[in-house]
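So the structure is just underneath, and the comments pick up after that.
What follows is calculated from the coordinates using simple rules that are stated; it is not laboratory data. Keep in mind that what you see is a predicted model, and the values were worked out from it rather than measured. Ideal geometry is used to build each Cβ from the backbone, glycine not excepted, and the neighbour counts take in all protein chains shown.
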Amino acid sequence: MQYPQTEFERSNYWGERMNYRALGRTGAQVSPLCLGCMNFGWGAEEADSIQIIHRAIDEGINFLDTADVYGKGASETIVGKALQGKRDNVFLATKVHGQMGDGPNDKGNSRLHIMRGCEDSLRRLNVEHIDLYQIHRPQSAVPIDETLRALDDLIRQGKVRYIGTSTFAAWQLVESFWQSEKLGLNRFVSEQPPYNLLDRRIERELLPVAQTYGVGIIPWSPLAGGMLTGKYRRGLKNPEGSRYESGKFRNGQEVSEATWDVVEGVAKLAEEKGVTMDALSLAWCVTQPNVTSPIIGPRTMQQFEGNLKALEVKITDEDRRRIDELIKPGTHVAEYYNADFGPVVTR
């Protein structure tokens, strides 16, 4: 494929194809798909990972998300190598919170761990600043004002541009906004929640909060850990080497009948539209109100190319009506497995 060469040509090409959007209430413009880098250094070799990153940038994806805990720094290191000479082309996000060493202060949301974690991420990424620095998980044992003060200092030092969260409850975000306003601190601008066609719970409270307070929503697991990719079917042997090869989750549980009902309904709709199931599922997520950029996590170039097709799928009002019949807004189905964080029990 011949990519546009001049800045003007690239601006027009990417703007029309990517439909860049603001990250929440900020002026930062990001692509409607975010390249998740969790598999880089774990499920994908370094050379393949770098190739996928470069291809994503060529296609106009300017939003990359990783975390220090992915491969205990391996993902950040690979991303840093891939961005040499391309740093200004991306909006770079990473996260802090997970266990990064054997000591009691090598994890969590304390000032001590956040400040140290940021320095380590900057070194691995080989960059001077992080565009979006996110708290990977809430930690009730640490006062939110301690976390916010540390993040605010990083912004004032020029090491971080914006701050966000991952898997925070709606009330935790609102509490943080109150503390930020009271103390005059920079506030969170984004949240990363699980959101897909098997789990629509964030529509109850989190999405309304996001709309009210101008929070960018960056869903993780938009394909439900692979259940919405189209390669799994009820009663059939799963592909060899796949995540659910045994027909069960890693904890031994069977895939619920309610899950299969939704999966088969989405597969039928995708077939009727002449698109792949993963493209349809991603397109639905991309076009949901208040969603900024779902995170895709390809391990191979083939998976990346399949994910990219979501930008070519048009979701109609009739499609939404049929999807809402399969799984009602704000609801969820029984157990399904998320590859990042284990079985998600949603009874």
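Once both labels are positioned 7 Å from their Cα atoms along Cα-to-Cβ, the gap between Glu257 and Ser140 label points is 3.6 nm. Helix 144-156 axis versus longest C-alpha principal axis of the chain: approximately 70°, rounded to the nearest ten. A straight line joining the Cα centroids of the stretch 317-332 and the stretch 70-119 runs 37 Å.
Kirkwood analysis of the Cα pair distances in the stretch 20-192 returns a hydrodynamic radius of 16.2 Å. Ordered by the count of other Cβ atoms within 10 Å of each Cβ, fewest first, Asp261, Asp278, Asp317 give Asp317, Asp261, Asp278.
The fewest-to-most ranking of Thr229, Thr316, Thr167 by surrounding Cβ atoms within 10 Å reads Thr316, Thr167, Thr229.
When the helices of the chain are scored as -39500 (n - 2.57) per DSSP H run of n ≥ 4 and the total is divided over every residue, the value at 222 nm lands at -11500 deg cm²/dmol. Quick one: of Lys159/Lys182; Lys107/Lys182; Lys231/Lys268; Lys231/Lys273; Lys95/Lys231; Lys273/Lys314, which pairs are farther than 20 Å apart, Cα to Cα? Table pairs above 20 Å Cα-Cα are Lys159/Lys182; Lys107/Lys182; Lys95/Lys231. With the Cα gyration tensor of the stretch 13-88 giving a ≥ b ≥ c as the square roots of its eigenvalues, does the rule (a/c under 1.5 for rounded; else a/b larger than b/c for prolate; else oblate) give rounded, prolate or oblate? Verdict is prolate for the stretch 13-88. Annotation: amide H of Gly164 within the under-5 Å range of Tyr133, Gln134, Ile135, Val189, sequence separation 5 or more or interchain, hydrogens built in the peptide plane.
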